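Nothing in this text is a laboratory measurement; each read-out follows from the coordinates by a stated rule. Everything quoted here is computed from the prediction, not taken from an experiment. Cβ sites come from the backbone with ideal geometry, for glycine too, and all protein chains shown count toward neighbours.
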Amino acid sequence: MSRETLQWLNANTLIGFTDQRGTAWHYRADLQAAEPNHYPGPVPVDDVKRRLFHWEAVPAPVLVRHPGTGQILQVPDRTAYLRSDTGHVMGIFSDAYQPHPYAEWLLDTVARILDDDLAIGSAILLRGGAVACVSVEVPDSITTPEGVQFRPHLLAATSFDGSLATTFKRAVTNVVCDNTMAVGLAEHGQHIKIKHSRYSPLRLAEARQALNIVYQTADEFTAQVAALCAAEVSEPEWRRFLDAHVPLPDAQGAARTLAGRKRDTLNQLWARDARVAPWRGTAYGVVQAVNTYTHHQQRVRGAVRAERNALRAITGGVDELDTATLHTLEHALHRRLVSPAA
């Protein structure tokens, strides 16, 4: 990762509750400004507004230059949105587009939906400020009887580049590896999405009912961990899972080399890595191995790893990953490991 990327993360990410979970993986002391971006407790709302959301998304006409005459023409029914501080063009939209300002939709709205004992655990800007995400968490991490330490939270995210509807979604962060994990592997995770349209207002009563989930998330994930840790996976079954998850092509070549490297990395995580090995021999260990590999080892194309991981958490890619891992394992073992939701 380039120094420029690390510079952005250290300046445009605010990380809270570090007394509970330690520093973020991208933390670099030499890239911290006079005001560090890590907080031992919750991130103050005013700090998020002052440090990340201090600018406005300004609408501007879209202009083009005629290739023959050089005349400047305005594109009808199109508006660009720029950062007021840097001038960065975040997106171009039709007149039907309804902007969702970050402070209003990710801070003020969340404050009206959630309980007073929940606080901001992190906030991040991506893509030059065109995407923003805020995580609302309980103050204390939770440790299951199986030794899995996690933090249930609500993700609130939106964009000015058209990549995201405004989204509120439940998730879990595994403290030992700073991974986002799926909640409710046998069901679709609860979330609400509001399109950037004047006809899609946020109905607070509906949102509160749909998102009354942070404490419920803790109970569900604890039960899920217990069920997966109780499901034993022998070494021969682990090898059968690998054969199904990362088939090794018969023919020599690049595909076989890449598959072999992935299998070797997964085997190392399974056998020796502190983020996975404590749960070796269980279905939870399998899910954790694949999740950790994807978050921290897998090659990232066309994006920065931090951006990819954050967007996967928001859009449901993490849920799909963990659910697919479980289904592959169940198929390899010829038995169900998590009961379907009632």
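Tell me which aspartates and glutamates have Cα within less than 12 Å of residue 49's Cα, excluding those fewer than 8 residues away on the same chain?
104, 108
Of the residues 72, 194, 124, which exhibits the maximal mean-square fluctuation in a Gaussian network model of the chain defined by a 10 Å Cα contact cut-off?
Looking only at 72, 194, 124, the biggest GNM fluctuation is shown by 72.
Can you put 181, 90 in order, fewest other beta carbons within 10 Å first?
Working: 181 25, 90 21.
So the ranking, lowest neighbour count to highest, is 90, 181.
Hey, in the GNM for the chain with a 10 angstrom Cα cutoff, which one of 107, 73, 118 fluctuates hardest?
Judging by the Gaussian network model, the answer is 73.
Between helix 283-292 and the chain, what is the angle of the helix's C-alpha long axis to the longest principal axis, kept within 0 to 90° and rounded to the nearest 10?
40 degrees
Which whole-Hz ³J(HN,Hα) couplings does the stretch 94-103 yield from phi under the Karplus relation 6.51 cos²θ - 1.76 cosθ + 1.60, θ = phi - 60°, glycine and proline marked x?
6, 5, 7, 5, 10, x, 10, x, 4, 4
Using a simple charge model, +1 on the beta-carbon of Lys and Arg, -1 on the beta-carbon of Asp and Glu, nothing else, what dipole does the stretch 225-333 show about its Cα centre, in debye to the nearest 20?
Details: 14 positive and 12 negative charges, 110 e Å.
Dipole about the Cα centre, nearest 20: 520 debye.
Quick one: grab the alpha carbon gyration tensor of the stretch 225-333, order the square roots of its eigenvalues as a ≥ b ≥ c, and give me rounded if a/c is under 1.5, else prolate or oblate depending on whether a/b is larger than b/c.
Details: a/c = 1.65, a/b = 1.08, b/c = 1.52.
Oblate, because a/c is 1.5 or more while a/b does not exceed b/c.
Picking from 67, 31, 57, whose Cα lies most toward the positive end of the charge dipole for the stretch 30-115 (charges on Cβ: Lys, Arg +1; Asp, Glu -1)?
67
What is the distance in Å between the Cα centres of the stretch 1-60 and the stretch 63-106?
First find each Cα centre; the distance between them is then 27 Å.
Which net charge results for the neighbourhood of residue 262, defined as the other residues with beta-carbon distances under 12 angstrom from its beta-carbon, given Lys and Arg at +1 and Asp and Glu at -1?
Values: positive: 256, 261, 263, 299; negative: 264.
The answer is +3.
Based on Cβ point charges of +1 for Lys and Arg and -1 for Asp and Glu, what charge dipole magnitude is obtained for the chain about its Cα centre, in debye rounded to the nearest 20? Numbers along the way, then the final one.
Numbers: 35 positive and 36 negative charges, 216 e Å.
Computed about the Cα centre, the dipole is about 1040 debye.
Below 13 angstrom from the Cβ of residue 246, what's the summed charge of the other residues (Lys, Arg +1; Asp, Glu -1)?
Details: positive: 239, 240, 256, 261, 262, 263; negative: 243, 264.
Here the charged neighbours net out to +4.
Counting Lys +1, Arg +1, Asp -1, Glu -1, what net charge surrounds residue 292 among other residues with beta carbon under 12 Å of its beta carbon?
Summing Lys and Arg as +1 and Asp and Glu as -1 gives -2.
What residue among 36, 139, 101 shows peak mean-square fluctuation when the chain is described by a Gaussian network model with Cα springs under 10 Å?
36
The list (i) 70, 54, 46; (ii) 59, 58, 41; (iii) 58, 40, 35 gives values of Cα extents along the principal axes in Å, and only one came from this structure; which label was calculated from it?
So the structure-derived entry is (i).
With charges only on Cβ, +1 for K and R and -1 for D and E, what is the dipole size of the stretch 23-135 about its Cα centre, in debye, rounded to 20? Could the numbers behind the result be given before it?
Working: 9 positive and 13 negative charges, 116 e Å.
Dipole about the Cα centre, nearest 20: 560 debye.
Rounded to the nearest Å, what's the spacing between the alpha carbon centres of the stretch 121-154 and the stretch 240-300? Just the number, please.
Using only Cα atoms to place each centre, the spacing works out to 25 Å.
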